[in-house]
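The values are calculated or read from the model by the stated rules, or taken from the named source; none is laboratory data. As the structure is a computational prediction, the values presented were derived from the model and not from experiment. As a convention, Cβ positions derive from the backbone with ideal geometry for all residues, glycine included, and neighbour counts pool all protein chains shown. Side chains included, ligands, DNA and RNA excluded: accessible areas come from the protein's heavy atoms. Shrake-Rupley method; radii C 1.70, N 1.55, O 1.52, S 1.80 Å.
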Amino acid sequence: MTRLMSFISVILLIAVSSASFAGEPTFPSPLPDKLRVCADPNNLPYSNKDQQGFENKIAEQLAQYFHLDVEYVWFPQRMGFIRNTLKNYSDETGRFACDLVIGVPTQFDIAATTKPYYRSSYSIIFKKDGPLGAAITQQDVAALPDTVKQSLSVAAFAPSPAVTWLRDNGFKGNTSYFRIMNGDAEDYPGKMVNRVADGEFDMLVIWGPIAGYFAKSNPDLAVISMTSEGSSVFDFPISMGVRYGERPWKKTVEMAMDANAPQIAMILNDFGVPVVEASSAPLGGGDDDD
């Protein structure tokens with residue numbers, strides 16, 4: 001009886017071990033010793049050094065899936081970002097500085113991109129108790145009387161699709177334009193939302209994740225997600241970025257994206273990111289990366 005019980009115990013142990021092994025995913029690429037992420041140290045709602053951004057949270061989710069620790073390589077997401085992070089190879093360490101950018105446009109041309117994992121759009125943000133308080137759609141804003149339009153103080157970032165829309169809809173003479181990358185590493189576009197909340201500007205047109213995040217903590221602000229009109233495209237897909245030529249690693253990242261899609265969607269929702277359906281012709285991306 002003792003031998004029989006011992007034999008049964010061994011069989012059960014093998015079965016449990018086999019089941020556990022079978023449950024572990026097999027990745028197309030060998031995993032690194034750490035998930036090294038290229039990120040901006042001061043660019044909420046995306047990322048910051050305190051790891052408070054939604055891209056930080058997504059990186060943590062992927063690292064947990066891979067059973068890896070996250071290591072960040074910080075560099076302002078301005079000119080030279082990819083060169084100094086994703087493409088920065090060190091002879092001393094024998095590797096690149098980092099291996100993954102959590103958020104890049106799907107049509108990014110200086111890195112290979114995964115399939116999109118969310119789509120957002122440019123947004124109009126304004127105070128609910130201001131002159132735009134009754135607006136629900138961008139068409140409502142465009143239909144305002146000219147006298148009202150000219151009384152507004154408007155802000156936008158250039159270049160962006162919003163510039164043409166503002167000019168075509170009667171806001172050309174009263175819009176202040178700002179550079180999205182102004183060379184100041186301590187500045188970031190989200191600060192502009194606070195200037196709307198403070199009453200300096202009546203209306204701001206800005207990329208949706210920025211508008212949604214800062215408006216979520218300020219109930220006095222309203223956000224309208226813009227939809228594409230004819231040749232004017234306002235909604236764009238967002239992917240993750242890897243190096244060209246590393247197709248197995250890209251497939252591994254996409255595998256992790258699929259496995260963690262519900263958690264990623266929850267993170268985006270928690271941060272107020274407007275996730276929209278495509279209102280423009282679909283854009284490809286990330287297929288031919290060699």
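Descriptive notes on the structure:
- A simple rule links phi to the HN-Hα coupling: the Karplus curve 6.51 cos²θ - 1.76 cosθ + 1.60 with θ = phi - 60°, which for region 232-240 gives 8, 9, 10, 10, 9, x, 10, 10, 9 Hz, with x for Gly and Pro.
- Full-extension gain in nm, LEU68 to ASN88, via 0.36 nm per residue minus C-alpha separation: 5.1 nm
- What the phi angles of region 68-81 give under the Karplus curve with 6.51, -1.76 and 1.60, with θ = phi - 60°, is a coupling list of 10, 7, 8, 10, 9, 10, 8, 7, x, 7, 10, 4, x, 4 Hz, glycine and proline written as x.
- Figure note: ILE136, ILE124 ranked by solvent-accessible area, largest first, 1.4 Å probe, ligands and nucleic acids not counted: ILE136, ILE124.
- Rh (Kirkwood; distinct C-alpha pairs) - region 121-201, Å: 13.5 Å
- Taking amide H as placed 1.01 Å from N in the peptide plane, the amide H of PHE171 sits under 5 Å from none that are at least 5 places away or on another chain.
- Amide proton proximity set for LEU100, modelled H, under 5 Å, gap of 5+: CYS38
- Estimated distance in nm for a label pair at ASP50 and ALA278, the labels positioned 7 Å out from Cα along Cα-to-Cβ: 3.9 nm
- In the context of the full protein assembly, ARG95 retains an accessible surface of approximately 80 Å², using a probe radius of 1.4 Å and ignoring ligands and nucleic acids.
- Rounded tilt (10° steps) of 54-66 against the dominant C-alpha axis of the chain: 10 degrees
- Per-residue surface analysis assigns PHE81 an accessible area of about 10 Å², computed on protein heavy atoms at 1.4 Å probe radius.
- Averaging the Cα positions of each part gives two centres, and for region 128-192 and region 18-97 these lie 35 Å apart.
- Highest-first packing order for the peptide set 70-78, 167-175 is 70-78, 167-175, based on the mean count of other beta carbon atoms within 10 Å.
- With 10 Å bins from 0: P(r) over the chain, alpha-carbon pairs, percent: 6, 25, 30, 19, 11, 5, 3, 2, 1, 0
- Accessible surface ranking for ASP270, ASP109, 1.4 angstrom probe, highest first: ASP109, ASP270.
- Cut-off under 5 Å, modelled amide H: who pairs with VAL223 long-range: none
- When the listed pairs LYS127/LYS191; LYS49/LYS127; LYS115/LYS216; LYS34/LYS115; LYS57/LYS128; LYS49/LYS115 are checked against a 20 Å cut-off, the alpha-carbon distance exceeds it for LYS49/LYS127; LYS115/LYS216; LYS34/LYS115; LYS57/LYS128; LYS49/LYS115.
- Across region 252-269, rounded Karplus estimates of 3J(HN,Hα) from the backbone phi angles (6.51 cos²θ - 1.76 cosθ + 1.60, θ = phi - 60°) give 5, 5, 5, 4, 5, 4, 5, 5, 10, 4, x, 5, 5, 4, 5, 4, 4, 5 Hz, Gly and Pro being marked x.
- Computed [θ] at 222 nm, deg cm²/dmol, the chain (DSSP H ≥ 4; -39,500 (n - 2.57); rounded to nearest 500): -9500 deg cm²/dmol
- Heavy atoms of MET257: accessible area, 1.4 Å probe, square angstrom to 10: 10 Å²
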